[in-house]
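Single-structure report; data block below.
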Amino acid sequence: MLSPSDPARAPMPGRSRRWLWLWILAAVPLAALLGLLIGFAVFVAGIEGREAQAGRAADGIVVLTGGSERIAEATNLLLEGRGKRLLITGVHPDTTLNEIVRTVPATREALECCVELGRSALNTQGNAIEAGEWAKAQHFRSLLVVTSAWHMPRALVELRRTTPGITLVPYPVVPRRAEENSGPTLAGLRLLAVEYVKFLAASLGVRAWPAVTSQMRETGRLPAP
């Protein structure tokens with residue numbers, strides 16, 4: 001019979017350390033995943049809890065393209081006198097004001113005095129650069145920011161970098177089809193998950209592609225309207 005002091009029954013410190021490291025290696029990604037899930041839940045709750053600040057006005061209005069409902073809401077705000085001028089940032093180079101007028105409840109005469117089309121932005125970071133240049137050129141101290149509710153957090157992250165000293169007033173737009181749905185859909189959750197990843201990347205300052213057109217990069221300013 002082996003005694004307690006027999007080497008065959010002595011503890012095996014090497015094996016214990018290996019198990020400890022295995023537990024640590026397993027716990028770190030699990031903790032990271034849990035943190036991401038909690039962060040995602042907070043992100044979604046923030047989107048759902050964010051409402052347009054009714055009655056708030058600003059010096060200017062900027063709308064980030066990506067849906068006709070955003071532009072319609074922005075033009076309504078302009079007609080209500082909630083801002084002096086409106087910048088539609090991220091407009092396709094071939095799109096004209098006449099084409100935009102056909103998608104909004106306003107006439108060309110009502111908009112042509114105060115609407116500017118920004119054609120330099122290639123993504124959300126570019127929208128922010130374009131809006132920042134425009135706001136500084138107009139000497140604005142506040143902006144109503146119009147974009148989709150799910151896009152608003154990332155848009156504000158980017159805009160705060162390019163509009164120092166300018167007050168940003170969020171005006172999130174919820175698409176009508178989303179309002180009609182009784183609950184979250186798989187496609188909706190996928191969209192929010194992708195947007196959450198982009199939001200994290202924007203918060204960390206990750207840059208992997210051009211934000212504005214080559215013309216703006218070369219000149220350092222917006223092209224003439």
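The values are calculated or read from the model by the stated rules, or taken from the named source; none is laboratory data. Everything quoted here is computed from the prediction, not taken from an experiment. As a convention, Cβ positions derive from the backbone with ideal geometry for all residues, glycine included, and neighbour counts pool all protein chains shown. Accessible surface is based on the protein model in full, side chains and every heavy atom, while ligands, DNA and RNA are left aside. Shrake-Rupley method; radii C 1.70, N 1.55, O 1.52, S 1.80 Å.
The table below gives the values:
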read-out	value
Once the Cα gyration tensor of the range 79-127 is diagonalised, semi-axes √(5λ) in Å	20, 14, 8
Per residue solvent-accessible surface (Å²) - the range 107-176, probe of 1.4 Å	39
Debye, to nearest 20: dipole size of the range 64-129, +1 on Lys, Arg Cβ, -1 on Asp, Glu Cβ	140
List HIS139, HIS92, HIS151, ordered by accessible area with a 1.4 Å probe, largest first	HIS139, HIS92, HIS151
